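Q: The structure under discussion is supplied below as structure tokens; questions concerning it will follow.
The values are calculated or read from the model by the stated rules, or taken from the named source; none is laboratory data. These figures come from a predicted structure and were not determined experimentally. For neighbour counting, all protein chains shown are included, and Cβ atoms are generated from backbone atoms with ideal geometry for every residue, glycine included. Just so you know, the surface numbers come from the protein's heavy atoms only, side chains and all, with ligands and any DNA or RNA stripped out. Shrake-Rupley method; radii C 1.70, N 1.55, O 1.52, S 1.80 Å.
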Amino acid sequence: FFKATPSRVSDPGKPLRIRVDSKWNVPEPEITLVLNSRLALVGFTIGNDMSSRDIEGENPLYLPQAKVYDACCGLGPYITFADAMPAKETIGIELTVRRGEGIAYHGTTDVGKMARSFEDLIGWLGRENSFPQGVFLLTGTGIVPDAEFTLNHGDTIDIRIDGIGTLSNPVVQGSTVSE
């Protein structure tokens, strides 16, 4: 599905938002493919596909509202060229949500556990679609906090992926994110 236009994406260190009309909000750490205009894989970065799970679960038609809103996606901190990345099966992904002085959630996975290959995902994206400026393809998450967990205003989300670094964003709740 479509995630975000550039204006809805937050840089490293900039706030990500949780919706005021949602009670169950989670981060989704994802290795992100950087594709050129020919859909060739040229690099990797980190993506955070924020989701309002209660809105998403209420009705499948609400998926756009649960996934696409201002400051709904984080990208960064760097793009690592594809040939500089570790072997695919060794790339670890780690999510830490810090709350106050403690850790509210921590989980890990690795790229080797992905259900679909990078090539398969790129192939599906490219069917009947073109991206003249290139595109970032978030690959899906393997770390899903359980139903008892939700993000709070003031949390900090850290996503670390081997070969890339750590994407860190504070969480805010409100109708807009001010610069």
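Q: Run the helix sum for the chain: -39,500 (n - 2.57) per DSSP H stretch of 4+ residues, divided by residue count, reported at 222 nm to the nearest 500 deg cm²/dmol.
A: -2500 deg cm²/dmol
Q: Oh, and also: Using only protein heavy atoms and a 1.4 Å probe, report how much of Val42 is accessible, in Å² to the nearest 10.
A: 60
Q: Could you grab the relative contact order for the chain? Cα pairs under 8 Å, six or more apart, rounded to a whole percent.
A: The normalised contact order for the chain reaches 34 percent.
Q: Test of understanding: express the Cα radius of gyration of the chain as a ratio to 2.2 N^0.38 Å, with N the residue count.
A: Output field value: 0.99.
Q: Considering only protein heavy atoms and a 1.4 Å probe, what is the carbon-and-sulfur percentage of the accessible area of the chain?
A: It is 53 percent, rounded to a whole number.
Q: Under 10 Å, Cα contacts only: if you run a Gaussian network model on the chain, which one of Glu128, Glu94, Glu56 comes out with the highest mean-square fluctuation?
A: Glu128
Q: Given contacts defined as C-alpha pairs under 8 Å and at least six residues apart, what's the relative contact order of region 23-63, whole-number percent?
A: 42
Q: Can you pull the one-decimal nm distance between simple spin-label points at Ala87 and Asp146, each 7 Å off the Cα toward Cβ?
A: Result for the modelled spin labels: 3.4 nm.
Q: Cross-link partners among lysines for Lys113, C-alpha distance below 23 Å, same-chain residues fewer than 8 apart left out?
A: Leaving aside lysines fewer than 8 places away in the same chain, those within reach of Lys113 are Lys3, Lys88.
Q: Let me ask another. With springs only between Cα atoms under 10 Å, which of Arg160, Arg17, Arg38 fluctuates most in a Gaussian network model of the chain?
A: Of the options given, Arg38 has the highest mean-square fluctuation.
Q: So how much slack lies between Thr156 and Asn36, counting 0.36 nm per residue of separation and subtracting their Cα-Cα distance, in nm?
A: 40.1 nm
Q: For Asp162, what residues show an amide H to amide H distance below 5 Å, using hydrogens built from the backbone and excluding near sequence neighbours?
A: Gly92
Q: Using a 1.4 Å probe, what is the accessible area per residue for the chain, in Å²?
A: 52
Q: Related question: Provide the gained length on full extension for the span Leu63 to Ile79, in nm with one decimal, where the gain is 0.36 nm per separating residue minus the Cα-Cα distance.
A: Taking Leu63 through Ile79 to full extension adds about 2.9 nm, to one decimal.
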